[in-house]
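Q: Dropping the structure in here first, questions after.
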Amino acid sequence: MKKFKNLLVALVVMFAGIITVNAAPKTPEYGVIGGKNILLANGTEITIAAPKTAGMGALVKWEGGEIEVAADTTIFGGKHNSLDEENVKITMEGGTVKNVFGGGLHNSRVDTAEIIINGGTITGAIMGGGYEEFTNCTEGDFNVVTEANVLDSTTRVENVTITVNGGNLDGAQVYGGGGAHAYTGMATIILNAYEGTISYLTAGGSNGYTASGTIELNNGKVGVLQGINRGSMDEISVKIKGGEVTNAYVGGENDPSVTGEFKDAEMEITGGKVTNLKPGTNAGVAAKDEIEVVYHVDTVENVNEDDFAEDKIIPTIAATLKFEGFEETTQLPHGYAFTENEIELIKENVNKEVEDLGLKFEGFYLDEECTKEADLTQPINNDITFYVKFTQLREDDGTKNPETSDISVYGIIAAILLGTVGLGYTIKKRKFN
């Protein structure tokens, strides 16, 4: 009987643990923790809006409730000192708060976090991860980890996306990862529009571990853009398609306090304006072989290619391919010239793919009427548009003769030319292998 009783106790404990780990989100809580105004969303989807009362910072709303918070409030999407696994969604439409975190405070676990900023003002920072030691208090006896065991941190966010479509971020900082020794899996930052200048934009966290950090800058101003700050990362990917960046570092900023270590980093600049482009640091020393940069020649004002490893930095021009209503653009190395063998290889491989479609690839031209053939053996130093000419094979030769307006046919051709054997192949084949 005693054994049976012990079994019952064990089962109760086990099921209680299951219930705890998968507990439903609870009502958001607002109060002071460690001397700071903090709102814990507790995994509940919230919207931040303009306050109703003068002197307050924002109105935080959720299904079934709302509360006004001070302008110096920090908002956490997850919980505080709880190992319940949550999914988080925070949307900001108005009001003013200091910080927004996708994760939780101290011990906390978030599976997927989504932060969307459409309006309002953030005066401190946006962080995709949580914060292990945001306050000095030890309430709840949370598990403080060190850099040595940060992969086991109980302050975790597995996947986070930060999308900024509006609002005022003047002087604010934006990080994909978390703070202190927090763990973040995959972090993505997409910046479409906002007012002011972001002081620091970082793919990883302010510290801790971020496995993969991605930045896509489409618009807006940034003072310092860096791949990593402190802590560690595996992969960094930055795409600058628009906006203005004063100082862009592929790795960490050239500052003694920036000691972050990463494995691989890449930066692609196809639009916007970068005043200064530098390799940055990796583990406190100059980054070199572990970084790769592709940048359009018109996007960067100041860069010393000697600071980068050979063949790891590629100035480019834009090559646009047009035919039958299709338009695709890729990047070619600035000053690149194709060899005769490469041109023949392109023609040969494309014709193999389109033969069954009843088409023959004739070549690249500089005019829409395809009367002036492009000389690809000459260096290409400026943006260029290529027109592609195809002729139809005779119907009586046994091949299928497609309609020239068949969009699927030309879609296939576009993929061939810009994919495995086309212009986009050049950089990958000759530079990045």
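The values are calculated or read from the model by the stated rules, or taken from the named source; none is laboratory data. Bear in mind the structure is a predicted one, so any value in this text is a computation, not a measurement. Neighbour counts run over all protein chains shown; Cβ positions are idealised from the backbone, glycine included. Ligands, DNA and RNA are excluded from the accessible area calculation, which covers all protein heavy atoms including side chains. Shrake-Rupley method; radii C 1.70, N 1.55, O 1.52, S 1.80 Å.
Q: Just to confirm a number: summing +1 for Lys and Arg and -1 for Asp and Glu over residues other than residue 48 whose beta-carbon lies under 15 angstrom from that of residue 48, what do you get? Please report the intermediate quantities before stating the final value.
A: Details: positive: 52, 61, 89, 98; negative: 45, 63, 66, 68, 72, 93, 114.
Within the 15 Å Cβ shell, the charges total -3.
Q: Follow-up question, since we're still on this one. So between residue 276 and residue 263, what do we pick up on full extension, going 0.36 nm a residue minus the alpha carbon distance? Before the final figure, lay out each step's value.
A: On the way: separation 13, 0.36 × 13 = 4.68 nm, distance 2.32 nm.
Between residue 276 and residue 263, full extension yields 2.4 nm more.
Q: Placing +1 on the Cβ of each Lys and Arg and -1 on the Cβ of each Asp and Glu in region 353-394, which of 359, 381, 370 has its Cα farthest towards the positive end of the resulting dipole?
A: Farthest along the dipole direction, towards plus: 359.
Q: For region 117-211, what % of the accessible area comes from carbon and sulfur atoms, probe 1.4 Å?
A: 45 percent
Q: Between region 184-205 and region 23-55, what's the alpha-carbon centroid distance in Å?
A: Going from one Cα centre to the other spans 23 Å.
Q: Over region 103-183, with the other protein chains present, what is the accessible area per residue in square angstrom, probe 1.4 angstrom?
A: I get 34 Å² per residue for region 103-183.
Q: Once fully extended, how much extra length lies between residue 255 and residue 347, figured as 0.36 nm per residue of separation less the alpha-carbon to alpha-carbon distance?
A: Extending this stretch completely gives an extra 28.1 nm.
Q: Right, something else. Taking residue 36 as the anchor, which aspartates and glutamates have their alpha carbon closer than 17 Å to its alpha carbon, excluding any fewer than eight residues away along the same chain?
A: 68, 72, 132, 133, 139
Q: Label points 7 Å out from Cα along the Cβ direction at residue 326 and residue 367: separation in nm?
A: 2.4 nm
Q: Can I ask one more? Taking a probe of 1.4 Å, how large is the accessible area per residue of region 310-388, in Å²?
A: 53 Å²
Q: Of all DSSP beta bridges in region 273-316, what percent run antiparallel (nearest 5)?
A: Bridges in region 273-316 are about 20 percent antiparallel.
Q: How far is it, in nm, from the label point at residue 384 to the one at residue 147 when both lie 7 Å from their Cα along the line to the Cβ?
A: Spacing of the two 7 Å Cα→Cβ label points: 4.8 nm.
Q: Once the Cα gyration tensor of region 109-211 is found, what semi-axes does its equivalent ellipsoid get, as square roots of 5 times the eigenvalues, in whole Å, sorted largest first?
A: Equivalent-ellipsoid dimensions as semi-axes: 25, 14, 11 Å.
Q: Here's another thing I want to ask about it. How much accessible area per residue does region 45-94 have, in Å², with a 1.4 Å probe?
A: Value for region 45-94: 43 Å² per residue.
Q: Report the antiparallel proportion of the DSSP beta bridges in region 134-286 as a percent, rounded to a multiple of 5.
A: Taking every DSSP beta bridge within region 134-286, about 5 percent pair in antiparallel fashion.
Q: Here's something else I'd like to know. Considering lysine pairs in region 179-305 that are 8 or more places apart or on different chains, how many have Cα atoms under 21 Å apart?
A: Close lysine pairs found across region 179-305: 13.
Q: Now for a separate question. Taking all protein chains in place and a 1.4 Å probe, what share, in percent, of the accessible surface of region 232-369 do carbon and sulfur account for?
A: After summing per-atom areas, the C and S share lands at 39 percent.
Q: Express as a percent, rounded to the nearest 5, the fraction of DSSP beta bridges in region 43-119 (both residues included) that run antiparallel.
A: Of those bridges, close to 35 percent are antiparallel.
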